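Here's the structure we're looking at; comments come further down.
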């Protein structure tokens, strides 16, 4: 996939504030400090598009980026950062849960897992929740350059062994590194395949629209299909 442009579109604190459903969306989520913003920048081919912070839990809004005037990359707030105020953390989690369950133009969810660590309870609990709402996902093991190949493989196998209780077949699995660029082509390929299977959309004015604040959309309480990318 060739990325011709990557631009910030808007931020939203909750589902009601998300932009109109004009373009297909591909969302990225993971535990705080998993390297999500770095991966977003890698995929977009634009350093600094998503702000990378040394402080975990920096992303607190649902951030939308328009890619090639054709689709949106959605940077979701990370989960599991203990320093976030309890009431805010609950609000963020609620916003993410609503977005994942009810956003009709969501065409794919990429769950980021730190490959340098053994399976973390909070990641497994989140995956189990995703399975419970029937969310077909792609697993992306990040930071594959931070540990030895043997350790990364062992951590991945241990994590995937847990998933077999909730998914049949298992989701697609990739490794990536924001440092070396490993995995970029493969992840963009998954998105490209999903886009190719969508009906040709009507022309929208988003490509001409300036960066703006979010406007309440007309929501439909249903999920979009994954277009068979998860093996379903």
Check your understanding: When you look at residue 63, is it in a helix (DSSP H, G or I), farther than 26 Å from residue 152 by Cβ, in contact with a strand residue (DSSP E or B) (Cβ under 9 Å, 6 or more places away or on another chain) and modelled with pLDDT under 95, yes or no?
Key -> no
Review point. Is there a residue in region 209-221 that is modelled with pLDDT under 60, touching a strand residue (DSSP E or B) at 6+ places or on another chain (Cβ under 6 Å) and crowded, with 18+ Cβ neighbours inside 10 Å?
Key: yes
Check your understanding: Does any residue of region 148-161 turn out to be in contact with a strand residue (DSSP E or B) (Cβ under 6 Å, 6 or more places away or on another chain) and either within 29 Å of residue 199 (Cβ to Cβ) or modelled with pLDDT under 90 (or both)?
Key -> no
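Run down 122, 137 and say which single residue is surrounded by fewer than 18 Cβ atoms within 10 Å (Cβ to Cβ), at pLDDT below 95 and in contact with a strand residue (DSSP E or B) (Cβ under 7 Å, 6 or more places away or on another chain).
Step by step, each of 122, 137 is checked, and only 122 is surrounded by fewer than 18 Cβ atoms within 10 Å (Cβ to Cβ), at pLDDT below 95 and in contact with a strand residue (DSSP E or B) (Cβ under 7 Å, 6 or more places away or on another chain).
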Review point. When you go through 177, 164, 148 one by one, which is the residue that is buried (at least 18 other Cβ atoms within 10 Å of the Cβ) and either within 21 Å of residue 66 (Cα to Cα) or more than 15 Å from the chain's Cα centre (by Cα) (or both)?
Key: 177
Check your understanding: In region 147-182, what residues are under 17 Å from residue 129 (Cα atoms) and outside any loop (DSSP other than H, G, I, E, B)?
Key -> 159, 160, 161, 162, 163
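Taking region 75-93, which residues are out of contact with any helix residue (DSSP H, G or I) (no Cβ under 8 Å at 6 or more places or on another chain) and either at pLDDT 85 or above or in a loop (DSSP other than H, G, I, E, B) (or both)?
82, 83, 85, listed by residue number.
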Review point. Of the residues that make up region 23-45, is at least one within 16 Å of the chain's Cα centre (by Cα), free of Cβ contacts under 8 Å to residues at least 24 places away in the same chain and assigned to a loop (DSSP other than H, G, I, E, B)?
Key: no
Practice item. Scan region 102-132 residue by residue and report those that are touching a residue at least 60 places away in the same chain (Cβ under 8 Å) and assigned to a loop (DSSP other than H, G, I, E, B). Key: 103, 104, 105, 115, 120
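The values are calculated or read from the model by the stated rules, or taken from the named source; none is laboratory data. As the structure is a computational prediction, the values presented were derived from the model and not from experiment. Cβ sites come from the backbone with ideal geometry, for glycine too, and all protein chains shown count toward neighbours.
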